1. Once you've got the GNM for the chain with C-alpha springs shorter than 10 Å, pick whichever of PRO108, PRO133, PRO37 has the biggest mean-square fluctuation.
2. Give me the tail of P(r) for region 5-129 as a percent: Cα-Cα pairs with distance above 25 Å.
3. Filter LYS107/LYS144; LYS72/LYS206; LYS119/LYS153; LYS153/LYS206; LYS61/LYS153; LYS71/LYS153 down to the pairs with a C-alpha to C-alpha distance above 24 Å, please.
4. With charges set only on the Cβ (+1 for Lys and Arg, -1 for Asp and Glu), what does the dipole of the chain come to about its Cα centre, in debye to the nearest 20?
5. With unit charges on the beta carbon (Lys/Arg positive, Asp/Glu negative), name the residue among CYS30, PHE167, ILE6 whose Cα is farthest towards the positive pole of the charge dipole of the chain.
6. Stretch LYS144-GLN218 to full length: gain in nm at 0.36 nm per residue minus the Cα-Cα span?
7. If you build the Cα gyration tensor of region 134-227 and take the root of 5 times each eigenvalue, what three semi-axes come out, in whole angstrom, biggest first?
8. So what's the angle, to the nearest 10 degrees on a 0 to 90 scale, between helix 36-46 and the longest Cα principal axis of the chain?
Amino acid sequence: MHNELILIVEDEPAISEMIVMTLEMAGFECLQAADIPEAHQQVVDHRPALILLDWMLPGQKSGIDFCRMLKKDELLSEIPVIMLTAKSEEDNKVFGLDAGVDDYITKPFSTRELVSRIKAVLRRSNALSADKPIEVGNLSLDAKSQRVTADSKTVELGPTEYRLLAFFMSHPERAYTRAQLLDQVWGSNVYIEDRTIDVHIRRLRKLLQPYDCDTLIQTVRGTGYRFSNIMQPE
C-alpha cells in the first residue's frame, strides 16, 4: 500500500471520479477540488504528497497560475505537481515546466500511465527530500527548505533551474546526455526538444556565475553535461 495523499484538482466530475477510483485501487488516498480556492484550502489543510492539476479550471486563474502560486510559497513549494491537460503543443509544455510543473499527462490517458507517472514523480521528489543538505564545493542545497547557498549567500533560482541543480548535486561526477537529463529532471514522455536542456543549463550557469560556481557544470563533448568540482584539463 502506498498511502500517499494525492490532491486531484479537476472540474469535470466524471474525470475526477475516474482518477479517484484508479488511485485508490493503486493504494493511494485522494482529495478532490473543483477550483483553485478549494484546491488551495485542501493543500493548506492536508498538505498532499502530490497534486494532479488540470490546466483549464473555472475562474480567472488557470492551473498554471495556481502552480506558480504554490512554487512561490516556501511552505508548499516542494509539493510536486503533475499537470493534466489537453494541450499537447511543445510551447505550452515548456511554459508549464518553467512555472514549476514536475510532469505532464495529456488527455486522454490510460490509468496505467497515470499511476506509473505518479509513482515516478514521487520517487524523484522523495530522492530530493533528504534531511542533510547536499554540498559540492562551496555550493550547498537544502532540499527541505529548497534553499541554495554559495559561501552562505542565498542563490536565487527559478523552479526549473532548482530541479536541474538538485539533480546534478545529488548525482555528481557522472556524464548525462540531454535525453537522460530530460527524463530524470522532467520525467519521460514530456515531449520537448533535447536542446531545451541547453537553455536551462545556460540560465543555471548565469545564476551561479556571481558565486564562481558556474564551472561546476561541465560540458562533456559528444555526450552532454556533468556536475563536478574537479577541474577539467585544458
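Taken together, the values in this text are just the output of simple stated rules run on the coordinates, not laboratory data. If you're wondering where the values come from, they're calculated on a predicted model, not measured in any experiment. Glycine also receives a Cβ, built like all others from the backbone with ideal geometry; neighbour counts cover every protein chain displayed.
1. PRO108
2. On the way: 1043 of 7750 pairs.
The proportion of pairs with Cα distances above 25 Å equals 13 percent.
3. Details: LYS107/LYS144 32 Å; LYS72/LYS206 21 Å; LYS119/LYS153 35 Å; LYS153/LYS206 16 Å; LYS61/LYS153 35 Å; LYS71/LYS153 21 Å.
Flagged as over cut-off: LYS107/LYS144; LYS119/LYS153; LYS61/LYS153.
4. On the way: 27 positive and 36 negative charges, 155 e Å.
Here the size comes out at about 740 debye.
5. My answer, from the dipole projection, is PHE167.
6. Details: separation 74, 0.36 × 74 = 26.64 nm, distance 2.64 nm.
Length gained, LYS144 through GLN218: 24.0 nm.
7. Values: eigenvalues 91, 40, 28 Å².
They are 21, 14, 12 Å, listed largest first.
8. Around 70 degrees separate the two axes.
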